[in-house]
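The values are calculated or read from the model by the stated rules, or taken from the named source; none is laboratory data. Every value quoted in this text rests on a predicted model; they were computed, and no experiment measured them. Using ideal geometry, Cβ is built from the backbone for each residue, glycine included, and neighbour counts are taken over all protein chains shown. With ligands, DNA and RNA removed, areas are computed over all heavy atoms of the protein, side chains included. Shrake-Rupley method; radii C 1.70, N 1.55, O 1.52, S 1.80 Å.
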Amino acid sequence: MTITENSAVSFHYRLTDDQGQEIDSSAGQDPLAYLHGAGNIIPGLEKALEGKSVGDQMVVEVSAEEGYGPVQEELIQEVPRSSFQGVESIEVGMQFEAQTGQGGAVPVTVTLVTDETVTVDGNHPLAGKDLNFDVTIADVREATAEELEHGHIHGPGGHNH
């Protein structure tokens with residue numbers, strides 16, 4: 001069976017950046033499961049997996065544009081340190097939830113700390129980066145009606161990725 005729209009797909013992967021540094025990997029874990037065509041994974045990777053089948057192995061190079069998008073400067077903000085009430089030590093690399101004007105929350109990463117201000121970045125950590133996925137297809141099946149209705153895969157490996 002090949003991967004087409006509405007296939008339930010599981011794959012093992014190793015993700016590296018352009019310097020060959022490993023960013024993420026499914027080694028030792030359940031393969032990542034997704035619903036093909038539902039936008040569960042980044043567009044560049046989803047396109048490359050179209051038409052593949054179980055056992056296929058490939059290296060997929062995904063540009064930033066087809067990955068997590070370019071870095072958006074407006075998502076990088078300097079905020080007064082006093083905004084972090086009750087947080088004793090703020091360090092570069094820490095992640096917080098920033099409240100948006102619409103009542104939602106966006107994950108932000110601290111990129112700079114001074115005595116007065118904290119710079120936070122709301123971009124995805126992989127925004128602006130070209131990504132290299134070494135992928136092995138573990139399973140391909142038809143998605144169930146419930147999975148199609150929900151727009152994602154249920155069961156091992158099929159949680160919010």
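Using the structure shown, decide if GLY37 is free of Cβ contacts under 8 Å to residues at least 40 places away in the same chain, assigned to a loop (DSSP other than H, G, I, E, B) and surrounded by 12 or more Cβ atoms within 10 Å (Cβ to Cβ).
The answer is yes for GLY37.
In the stretch 41-90, what residues are closer than 29 Å to ASP139 by Cβ, in a loop (DSSP other than H, G, I, E, B) and open to solvent by 60 Å² or more (accessible area, probe 1.4 Å)?
GLU50, LYS52, VAL54, TYR68
Residue-by-condition table, conditions (1) more than 23 Å from VAL9 (Cβ to Cβ); (2) at pLDDT below 95; (3) out of contact with any Leu (no Cβ under 7 Å at 6 or more places or on another chain); (4) of a type in the set (Gly, Ala, Ser):
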position	(1), (2), (3), (4)
GLN85	yes, yes, yes, no
VAL108	yes, yes, yes, no
VAL113	yes, no, yes, no
THR119	yes, no, no, no
PRO125	yes, yes, yes, no
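Got a number for residues in the stretch 100-128 being in contact (Cβ under 8 Å) with a residue 60 or more places away in the chain and surrounded by fewer than 17 Cβ atoms within 10 Å (Cβ to Cβ)?
2
Give just the number: which of (1) modelled with pLDDT of 95 or more; (2) open to solvent by 60 Å² or more (accessible area, probe 1.4 Å); (3) of a type outside the set (S, T, N, Q); (4) farther than 30 Å from LEU49 by Cβ does ARG141 not satisfy?
Exception for ARG141: condition (4).
Working carefully through the options GLN95, GLN21, find the one that is more than 26 Å from GLY155 (Cα to Cα), in contact with a strand residue (DSSP E or B) (Cβ under 7 Å, 6 or more places away or on another chain) and among the polar types (S, T, N, Q).
Answer to the selection: GLN95.
Name the one entry in GLY55, GLY69 that is closer than 15 Å to HIS124 by Cα and not hydroxyl-bearing (Ser, Thr, Tyr).
GLY69
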